[in-house]
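See below for the structure under consideration.
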Amino acid sequence: MKKVLFIGAHPDDIEIGCGGTIHKHRKEWDITTITLCDKTLTNHCLKNYHYKSLSKLGVSKDKVILKSFDPSSLDHCRQLVWECFNKANNQINPELVFTHSRDDHQDHVTVYNETIRNFYESSIVTYHINRSQRTFDPNYYEILSKNNAKAKMLALKEYAPYQYSGQKKASVKFCMYEKTVESQLRSNGVYLGKEYVEAFKIVKMINLD
């Protein structure tokens with residue numbers, strides 16, 4: 001099985017960017033996830049929501065690596081992030097890594113930079129967090145089934161504190177709203193003439209065959 005690593009700065013990042021793809025390949029990829037910040041700025045711990053969310057996508061708890069970095073401060077501890085990724089690279093040796101793109105969030109940028117610095121022998125693909133990036137130029141697409149799309153939406157519903165309830169002010173809750181998630185998947189699919197699609201940007205692709 002292909003070893004695939006998904007990296008996120010915060011709980012919910014991986015599910016927002018890659019949830020459908022994880023569910024699609026859950027039986028054919030050996031999937032591990034790393035999330036660096038297991039709490040919010042108000043110190044509300046999200047790890048149990050994260051475990052339950054990823055389990056909806058087919059990722060067991062023993063394949064989920066959670067770290068306790070402070071959110072919105074990863075740019076101040078780049079070396080510690082590098083050490084975390086270096087250890088994971090040595091232990092997992094993934095063939096493919098999904099990570100943040102260089103968007104407007106300082107944590108996401110740090111994760112991107114330290115991914116590039118560590119995973120020299122891995123293919124690297126970046127994913128899109130629409131709340132943190134106005135534009136995205138994808139060149140790799142995962143066509144999803146209706147069940148994959150549904151699994152992604154059900155996974156995001158596990159984050160009870162973030163559920164949308166009609167807020168008018170922009171917030172992370174609107175990003176995780178079921179209609180927003182479905183609209184994004186459908187919008188990605190228009191270019192391909194498909195109903196549900198997750199879109200990614202290839203940084204480098206290494207053919208191991």
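Points to keep in mind about this one:
- Residue list for segment 105-122, filter: open to solvent by 10 Å² or more (accessible area, probe 1.4 Å) and outside any loop (DSSP other than H, G, I, E, B): 106, 109, 112, 113, 116, 117
- Count of residues meeting criterion [open to solvent by less than 20 Å² (accessible area, probe 1.4 Å) and farther than 19 Å from residue 91 by Cβ] in segment 1-15: 5
- Condition broken by residue 88, with the remaining ones in (1) at pLDDT 95 or above; (2) open to solvent by less than 30 Å² (accessible area, probe 1.4 Å); (3) under 16 Å from the mean Cα position of the chain (by Cα) satisfied: (3)
- In segment 20-32, the residues that are closer than 14 Å to residue 60 by Cα and crowded, with 23+ Cβ neighbours inside 10 Å: 22, 23, 31
- Pair list, Cβ under 6 Å, 6 or more apart: segment 86-115 residue in contact (Cβ under 8 Å) with a residue 12 or more places away in the chain and of a type in the set (Val, Ile, Thr), other residue surrounded by 19 or more Cβ atoms within 10 Å (Cβ to Cβ) and assigned to a loop (DSSP other than H, G, I, E, B): 97/119; 97/122; 111/9
- Filter result (touching a Cys at 6+ places or on another chain (Cβ under 9 Å), surrounded by 13 or more Cβ atoms within 10 Å (Cβ to Cβ) and without any contact (Cβ under 8 Å) to a residue 40 or more places away in the chain) within segment 68-85: 69, 70, 72, 73
- Flag if residue 187 is modelled with pLDDT under 90, farther than 21 Å from residue 39 by Cα, of a type in the set (Gly, Ala, Ser) and surrounded by fewer than 21 Cβ atoms within 10 Å (Cβ to Cβ): no
The values are calculated or read from the model by the stated rules, or taken from the named source; none is laboratory data. Because the structure is predicted, anything quoted here is derived from the model rather than measured. Quick reminder, even Gly has a Cβ in these numbers, built from the backbone with ideal geometry, and neighbours come from all protein chains shown. All accessible areas refer to the heavy atoms of the entire protein, side chains included, with ligands and DNA or RNA removed. Shrake-Rupley method; radii C 1.70, N 1.55, O 1.52, S 1.80 Å.
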